[in-house]
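Structure, as structure tokens:
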């Protein structure tokens, strides 16, 4: 690691305006802030990562089958340290701490991501479904062996024909009252389960999502525990195919499953939210079938929170490598007879990396808030209907933004390391290939942002979860636009926002760019205006007699922008609040730069919108760009400290060539 | 292939405004237009691609060494068909047609890209250097076996310590007057040759770039032919290391080279531009050493033109797969009881893919112009100093934009295919991984755009190529800004532009968005304004006493934006001109939609800048966005035809799962 190299002293900004004094970052203190209340489990994860760092090389040298087995081995070893069990009930050896389990998972993203995803499949999806959708007898039967990794399972939801639209799944589970069994069948080829992690090689058991049919009546999608493999061979009636080589994550054995009249006992239904009596009577405490379905799906929230966090942490790794390389690598002379310039002293290079660094900090703290909300809902501290809906929406939005951020950041950092970034042992190869699917799995990002928008547009109405896209269009069309705003908490802030954004030419165009009230007001205004605009367009479309589907298609980009603006505002709020709580001192100054950089680069990226809507004059817009360049120069001397504070174990950084450049 | 599927009839736009009539694309005719004057060699390439399509699967199944050998085999087989020799002189079996060789190369990008890059290394870089930098005795000695692939060679320019800054290379070639030999040495570890394609396994010979020293005096970088391998073993004094696994292109054996006093005869100097007499007198027809250096580097232009073209064609493949999948795959219902909607009927999905499709068409025709200019320069039809400089600049800019476009397009198309896009056999895996380095090799894209900007800022002054970055800053600082503009041909268009862009509120905000004069005026105005602004800022910085290096660092993003704006304007010009030449008819209407979509989405992407500079009102800016959405709906029914016209052989499309979806 390059921490000891005195790389920062040449780079102090030559002008110190408005009393700004270069902060000296206390790295250890900053790491403690980032680790937060889950420092203990994160320390355990770092130890496990260092211990198993050899897997990064094995990913490149072993055959696919051997690598898959090796990943399984590592997963079981990690499980033995207790790391992966913390979210489970204490009676089964866990710590009842779902927040800790998310912290552990996201920290694992510094290492090999096949190990990460296999852990996600085994303990998060399979174990999580048993725990969240099942009853005590399921827990007793499966949780102990699941937590130890002795029983490997998979989560068979997605089908070839239906990924995001789970409600339309084709697999059928028919109740046979004679034998008191469910009969699981794949009715046509597009209904086979697809991309199922753990299915191709290791899983003995699957949680299968299927349309429950009783006496010819369909009761909607439910989950069943189904043995799929016995002594290493497919169970009778089960056909398994290997998905074969993937772009990345080749240590995870994704497979396809077909069921041909596979019989499981009545108890195989995970019956927390609905059950079938021996005589074939369907019973559920949730009357509305759509609501029941979305309540079950709500348990998917853990997966989304985890993947979003993993994306954010993968970004940290990419930035740590690129920043540390850029304070070692030189290219072209700054002046004759001088040594060549360090990459990080180029304005363009700072512009490429620092806004991504700032967003990574911002997303980290937004993820912390999300994980803590999730912990409260799952542990029953705060789990009324409204809490659950807000959590689902926040999880969906954070997952989308966090994973897109990862794709973008890793790409930019690879390019910023030039040809060296292309060599596999410098980490970007696996990092790029493995994270690429994050934007797709656990919910396609666009579909997730639509979910966020639906919540905003319907004001999380009581029948919110009951609505599909077209129901949503009709709902909005039937409401006054004002109602949309009143239902959300955006509206009440609008007046304050208007005062802060006079927008006339009298105003000092440069003033207040670093005022948190200005930044917040801009984010709020955008969200509110986009939301009311989207509602108006949906309404107008339906009123003019267009088909709701066509209306939705035409307003879709607007709807998605609205969701994005909302989530970006949540991210800013979380970051601002965190920094406000910090004690005065250099670290607070340093993170203050990150807040300003995140806020201003987000506004800059959408400055056309702000100008179009009269909230930014062209002079002030240009002033923002200048301010960002100033901020980048201020961040330059502390950039290495800021990535060191992520606490990435040296063993998994690998990239020796890049990080010891010039030694 | 899905060509026969009647996918288009459901999607006709329901309203036909301003007399617009849905065109019926003549696909074969459009393919002929795209193939242009090099249809014959492209047909040969398509045949070779189909013949060797099995390599796409072998890339996934063979070990690295076996795959490298297999790629070599394919390269030699392809060479035997004459495809790769067309650019060489006819006396050595070629066709003296360098334009054809570029057309062949870029068409090869539909297939496995390790084969492509190995062809580039062997025939473009190694063979090209022998041809362009050597004399007849080099041609006689090496070209026949190079063209057949019997003699494998590599191009040893890049060093670990110096990629983009070639002038600062560390390898030394000292002339020993006693033995009339050059002694090639790697003086320190950072001067070892790195990432050299063909070096790790196959090359027997290298063109080595080294600092020529005679009697203690350095004469700058020159190229030498050096045997590096004898009977499969490293030649005496040569150390070879394997770069190992890379993110992609693992069928190319990249390696590292160290030279320890390796002796080559005086004739090993590639002496077209400079020679050393037996007695050690240095002679060159080009007096200025910097100019001599850049004249030699000018031969790299072929590599840049080829890689840019390959990026553009790789984008075609990604779009073809994503568009064809999106007219088969359905997701979510448009209305109750209706089948689920096709992906391509969603507004957001059209917005994701069609602007990229339009830019791909635009870049294709810009590349055609570039290749034709290169042909003229290399064949001596038009090769004065000015032609060469304009070509180098255009090649650099097109390479940067074409390869970034590939990275972005392939990523978007992968995500648009969801989980299926992640499965290797659906093509995106290799396509993403293999093309990723295109933005870095043959010149880092940012460095290339700086080269473009340097030409614009110095008006291609007679000592233009003599200037490094800081020389450029000083040059600009010493000139009146007006001179910068007068030297370029942008200035004369400014008055016309001003008339076309009144920018006051009286004006009809919706009018003329599809007027080519408006579009052209916007592109021109942006280029001119950015250029003069950058010149002013450079000047002001130096005048205020700042170090030129610091001035450059601060204006760097502006300089790069200027270059990008310039190249985007060249691309628009090329596309507009091409379509203007087409006979009236449906194909012209179809490509007209592509022109408008390219022009307006480029303006939209930079609309903040146009608003900041008073060239776009907020109302008109919003009108552009609406117009783009309208254009997307018009493109929808012909989208499949537009990708079919690329003429990608079915054999290399692979992706059977995606392309036969729903059958």
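The values are calculated or read from the model by the stated rules, or taken from the named source; none is laboratory data. The structure displayed is predicted, hence computed values, not measured ones. Note that we place each Cβ from the backbone using ideal geometry, even for glycine, and neighbour counts take in every protein chain shown.
Scan the range A:58-79 and tell me whether some residue there is closer than 30 Å to residue A:586 by Cβ and crowded, with 18+ Cβ neighbours inside 10 Å. Can you show your working first?
Step one: filter the range A:58-79 for residues closer than 30 Å to residue A:586 by Cβ, giving none.
No: the range A:58-79 contains no residue that is closer than 30 Å to residue A:586 by Cβ and crowded, with 18+ Cβ neighbours inside 10 Å.
For residue A:630, all conditions in the list (1) in a helix (DSSP H, G or I); (2) touching a helix residue (DSSP H, G or I) at 6+ places or on another chain (Cβ under 8 Å); (3) within 26 Å of residue A:324 (Cβ to Cβ) hold save one; what is the number of the exception?
Result: residue A:630 fails condition (2) only.
Would you check which residues across the range A:634-663 are touching a helix residue (DSSP H, G or I) at 6+ places or on another chain (Cβ under 7 Å), surrounded by fewer than 20 Cβ atoms within 10 Å (Cβ to Cβ) and within 14 Å of chain B (Cβ to nearest Cβ) and list them?
Scanning the range A:634-663 gives A:654, A:657.
Quick test of your reading of the structure: residue A:575 fulfils all but one of (1) in contact (Cβ under 8 Å) with a residue 40 or more places away in the chain; (2) within 14 Å of another protein chain (Cβ to nearest Cβ); (3) buried (at least 19 other Cβ atoms within 10 Å of the Cβ). Name the failing condition by number.
(2)
Restricting attention to the range B:637-663, which residues are under 28 Å from the mean Cα position of the chain (by Cα) and either assigned to a helix (DSSP H, G or I) or in the same structural domain as residue B:319 (by TED's automatic domain parsing) (or both)?
Of all residues in the range B:637-663, those under 28 Å from the mean Cα position of the chain (by Cα) come to B:638-655.
Residues satisfying the conditions are B:638, B:639, B:640, B:641, B:642, B:643, B:644, B:650, B:651, B:652, B:653.
Can you confirm whether residue B:249 is in contact (Cβ under 8 Å) with a residue 12 or more places away in the chain and not in a loop (DSSP other than H, G, I, E, B)?
no
Being away from chain A (no Cβ under 14 Å), at pLDDT 95 or above and either farther than 21 Å from residue B:142 by Cα or touching a helix residue (DSSP H, G or I) at 6+ places or on another chain (Cβ under 9 Å) (or both) narrows it down to one residue among B:234, B:187; which is it? Before you say what the answer is, go through the steps one by one.
Numbers: B:234 fails: either farther than 21 Å from residue B:142 by Cα or touching a helix residue (DSSP H, G or I) at 6+ places or on another chain (Cβ under 9 Å) (or both).
Exactly one residue qualifies, and that residue is B:187.
Collect the residues in the range B:217-230 that are buried (at least 23 other Cβ atoms within 10 Å of the Cβ) and over 15 Å from residue B:266 (Cα atoms), keeping them in residue-number order.
Scanning the range B:217-230 gives a single hit, B:228.
Is it fair to say residue B:615 is assigned by TED's automatic domain parsing to the domain that holds residue B:561, in a helix (DSSP H, G or I), more than 26 Å from the chain's Cα centre (by Cα) and under 27 Å from residue A:606 (Cα atoms)? Show your work before the answer.
Numbers: assigned by TED's automatic domain parsing to the domain that holds residue B:561: yes; in a helix (DSSP H, G or I): no; more than 26 Å from the chain's Cα centre (by Cα): yes; under 27 Å from residue A:606 (Cα atoms): yes.
No, not satisfied.
For the subset of the range A:542-555 comprising residues that are in contact (Cβ under 8 Å) with a residue 40 or more places away in the chain and surrounded by 23 or more Cβ atoms within 10 Å (Cβ to Cβ), which member is farthest from the other protein chains (Cβ to nearest Cβ)? If you could, list the steps in order and put the result at the bottom.
Of the range A:542-555, the ones in contact (Cβ under 8 Å) with a residue 40 or more places away in the chain are A:542-543, A:548-549, A:551-552.
Now drop any that are not surrounded by 23 or more Cβ atoms within 10 Å (Cβ to Cβ), which leaves A:551-552.
Values: A:551: 10, A:552: 8 Å.
Going through the qualifying residues, I end up with A:551.
Looking for something assigned to a loop (DSSP other than H, G, I, E, B) and surrounded by 15 or more Cβ atoms within 10 Å (Cβ to Cβ) - is there at least one such residue anywhere in the range A:258-269?
Taking the range A:258-269 as the starting set, the residues that turn out to be assigned to a loop (DSSP other than H, G, I, E, B) are A:260-261.
Then keep just the ones that are surrounded by 15 or more Cβ atoms within 10 Å (Cβ to Cβ); that gives none.
Scanning the range A:258-269 turns up no residue that is assigned to a loop (DSSP other than H, G, I, E, B) and surrounded by 15 or more Cβ atoms within 10 Å (Cβ to Cβ).
Among B:368, B:415, B:341, which is farther than 13 Å from residue B:315 by Cβ, assigned to a strand (DSSP E or B) and either within 11 Å of another protein chain (Cβ to nearest Cβ) or modelled with pLDDT of 95 or more (or both)? I'd like the intermediate steps shown before the answer.
On the way: B:368 fails: assigned to a strand (DSSP E or B); B:415 fails: assigned to a strand (DSSP E or B).
Within the list B:368, B:415, B:341, the selection yields B:341.
Mind checking which residues of the range B:243-266 are away from chain A (no Cβ under 11 Å) and within 22 Å of residue B:55 (Cα to Cα)?
Result: B:251, B:252, B:253.
Which of (1) surrounded by fewer than 23 Cβ atoms within 10 Å (Cβ to Cβ); (2) in contact (Cβ under 8 Å) with a residue 40 or more places away in the chain; (3) in contact with a strand residue (DSSP E or B) (Cβ under 9 Å, 6 or more places away or on another chain) is the odd one out, the single condition residue A:408 does not satisfy?
Residue A:408 satisfies all of (1) surrounded by fewer than 23 Cβ atoms within 10 Å (Cβ to Cβ); (2) in contact (Cβ under 8 Å) with a residue 40 or more places away in the chain; (3) in contact with a strand residue (DSSP E or B) (Cβ under 9 Å, 6 or more places away or on another chain) except (3).
Rundown of residues vs (1) assigned to a helix (DSSP H, G or I); (2) away from chain A (no Cβ under 14 Å); (3) at pLDDT below 95, yes/no style:
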| residue | (1), (2), (3) |
| --- | --- |
| B:35 | yes, yes, no |
| B:39 | yes, yes, no |
| B:49 | yes, yes, no |
| B:56 | yes, no, no |
| B:65 | yes, no, no |
| B:75 | yes, yes, no |
| B:91 | yes, yes, yes |
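Would you pick out the residues in the range B:586-612 that are in contact (Cβ under 8 Å) with a residue 24 or more places away in the chain, more than 15 Å from residue B:516 (Cα to Cα) and either out of contact with any helix residue (DSSP H, G or I) (no Cβ under 8 Å at 6 or more places or on another chain) or not assigned by TED's automatic domain parsing to the domain that holds residue B:511 (or both)?
Result: B:586, single match.
How about the range B:140-167: which of its residues are under 28 Å from residue B:289 (Cβ atoms), assigned to a loop (DSSP other than H, G, I, E, B) and touching a residue at least 40 places away in the same chain (Cβ under 8 Å)?
Taking the range B:140-167 first, the residues under 28 Å from residue B:289 (Cβ atoms) are B:141-142, B:153-167.
Next, only the ones that are assigned to a loop (DSSP other than H, G, I, E, B) stay: B:157-158, B:160-165.
Of everything in the range B:140-167, those that are under 28 Å from residue B:289 (Cβ atoms), assigned to a loop (DSSP other than H, G, I, E, B) and touching a residue at least 40 places away in the same chain (Cβ under 8 Å) turn out to be B:157, B:160, B:163, B:164.
Taking into account only those residues within the range B:201-216 that are farther than 19 Å from residue B:127 by Cβ and touching a strand residue (DSSP E or B) at 6+ places or on another chain (Cβ under 8 Å), which is surrounded by the fewest Cβ atoms within 10 Å (Cβ to Cβ)? If you could, list the steps in order and put the result at the bottom.
Initial filter on the range B:201-216 (farther than 19 Å from residue B:127 by Cβ): B:210-216.
Next, only the ones that are touching a strand residue (DSSP E or B) at 6+ places or on another chain (Cβ under 8 Å) stay: B:210-215.
Values: B:210: 28, B:211: 19, B:212: 21, B:213: 17, B:214: 18, B:215: 10.
Ranking the qualifying residues of the range B:201-216, first place goes to B:215.
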